[in-house]
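*Asks:* Before we start, here is the structure in question, set down as structure tokens.
The values are calculated or read from the model by the stated rules, or taken from the named source; none is laboratory data. Note that the coordinates shown come from a computational prediction; the quantities given were computed from them, not determined experimentally. FYI the Cβ positions are ideal-geometry reconstructions off the backbone, even for glycines, and counts take in every protein chain you see. With ligands, DNA and RNA removed, areas are computed over all heavy atoms of the protein, side chains included. Shrake-Rupley method; radii C 1.70, N 1.55, O 1.52, S 1.80 Å.
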Amino acid sequence: ILGVFTIIVANLDHFAENLEGQVQISIYLKDDLTTDQVMSVGRRLKALPDVKELSFTNKDQAMEKLKERMKDQPGILNPLPISYELTFTNPEAVKKTAAIVAEYPEVESSHYGQEIIEQLFQITAVVRWGGIALIILLTFATLFIISNTIRLTVFARRKEIGIMKYVGATNWFIRWPFLLEGLFLGFIGGVIADLALLQFYEFITVTIHRTLAFLPMVGMYPFMYQMGGVLLLLSMVIGAIGSTISLKRYMKV
């Protein structure tokens, strides 16, 4: 379950990053500018921090786009000005850049859908922090299950542990078998989970790409190699911690 939710959270985060990567500002220039003035604006825009890509649209190109969108309405006059479109390496730079661009004397107006962008950032923040909280919660749930499983074994051998303590066995001498058992249980659980997740994610990615090709997903490889390795290591660590917690009570003899 922890692995499935981790995959879901990773893909939601990937989807959020994809949405953030599409954030852009459209900058509309005044009509009476010379070519040199237009190019000067372009150079200044390109020099701004966090600008990933700069694209230019002249009046003819804008008209072609408008005609394409409004095919059923011939005879349209061209109301669209020359414009630049900016995309960013850091979506948070949108507001700051919009404020800077508004001061350019050559700029008529700029548009970046402020309300939509703010809602997008709120949604992506909820996705990220909610996903992290869910993973932490499931990690503790897994730890609880493993520690209780090992606690049953420890309880069944509590008299042996007491006798070993009385004859002088050190705590670590007693702990090692149970610690190894916890590691082994975690390893077996991690391997089974990795194999199941591999089949699950392969099925999901094929299904999604077949029916919802527009929905971005994290690629199968190397994502699943990384996920499998982390999940296996985490399972073993949780198993070892669960074993330590289970033994704590019975070591006080």
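*Asks:* With respect to Glu85, is the statement that it is assigned to a strand (DSSP E or B), surrounded by fewer than 17 Cβ atoms within 10 Å (Cβ to Cβ), modelled with pLDDT of 75 or more and within 36 Å of the chain's Cα centre (by Cα) true?
*Replies:* Numbers: assigned to a strand (DSSP E or B): yes; surrounded by fewer than 17 Cβ atoms within 10 Å (Cβ to Cβ): yes; modelled with pLDDT of 75 or more: yes; within 36 Å of the chain's Cα centre (by Cα): yes.
Spelling it out, Glu85 is indeed assigned to a strand (DSSP E or B), surrounded by fewer than 17 Cβ atoms within 10 Å (Cβ to Cβ), modelled with pLDDT of 75 or more and within 36 Å of the chain's Cα centre (by Cα).
*Asks:* Can you give me the number of residues within region 158-204 that are among the acidic types (Asp, Glu) and without any contact (Cβ under 8 Å) to a residue 12 or more places away in the chain?
*Replies:* 1
*Asks:* For residues in region 141-198 being within 28 Å of the chain's Cα centre (by Cα) and aromatic (Phe, Trp, Tyr), which is farthest from Leu231 (Cα to Cα)?
*Replies:* So the residue we want is Phe144.
*Asks:* A further question on this structure: Among the numbered conditions (1) in a helix (DSSP H, G or I); (2) at pLDDT 80 or above, tell me where Ser110 comes up short.
*Replies:* Going through (1) in a helix (DSSP H, G or I); (2) at pLDDT 80 or above one by one, Ser110 breaks only (1).
*Asks:* Hey, another quick one. Could you check, for region 199-206, whether at least one of its residues is out of contact with any strand residue (DSSP E or B) (no Cβ under 6 Å at 6 or more places or on another chain), under 19 Å from Ala10 (Cα atoms) and modelled with pLDDT under 75? Break it down stepwise before answering.
*Replies:* First pass over region 199-206, keeping only residues out of contact with any strand residue (DSSP E or B) (no Cβ under 6 Å at 6 or more places or on another chain): 199-206.
Subset that is under 19 Å from Ala10 (Cα atoms): 199-206.
Those left that are additionally modelled with pLDDT under 75: 206.
Within region 199-206, one or more residues are out of contact with any strand residue (DSSP E or B) (no Cβ under 6 Å at 6 or more places or on another chain), under 19 Å from Ala10 (Cα atoms) and modelled with pLDDT under 75.
*Asks:* Pairs only if they're at least six apart or on different chains, beta carbon under 7 angstrom, first in region 134-155 and without any contact (Cβ under 8 Å) to a residue 40 or more places away in the chain, second surrounded by fewer than 18 Cβ atoms within 10 Å (Cβ to Cβ) and assigned to a helix (DSSP H, G or I); list them, first residue then second.
*Replies:* If the second residue must be surrounded by fewer than 18 Cβ atoms within 10 Å (Cβ to Cβ) and assigned to a helix (DSSP H, G or I), no pairs are left.
*Asks:* Going by the conditions given, is Phe121 touching a residue at least 24 places away in the same chain (Cβ under 8 Å) and not in a loop (DSSP other than H, G, I, E, B)? Steps first, answer last, please.
*Replies:* On the way: touching a residue at least 24 places away in the same chain (Cβ under 8 Å): yes; not in a loop (DSSP other than H, G, I, E, B): yes.
Against the criterion (touching a residue at least 24 places away in the same chain (Cβ under 8 Å) and not in a loop (DSSP other than H, G, I, E, B)), Phe121 qualifies.
*Asks:* Identify all residues within region 147-197 that are open to solvent by less than 30 Å² (accessible area, probe 1.4 Å) and among the β-branched types (Val, Ile, Thr); write none if there are none.
*Replies:* Ile150, Val154, Ile161, Ile174, listed by residue number.
*Asks:* Restricting attention to region 88-106, and to residues there that are open to solvent by 70 Å² or more (accessible area, probe 1.4 Å) and touching a residue at least 24 places away in the same chain (Cβ under 8 Å), which single residue is nearest to Thr124 (Cα to Cα)?
*Replies:* Glu92
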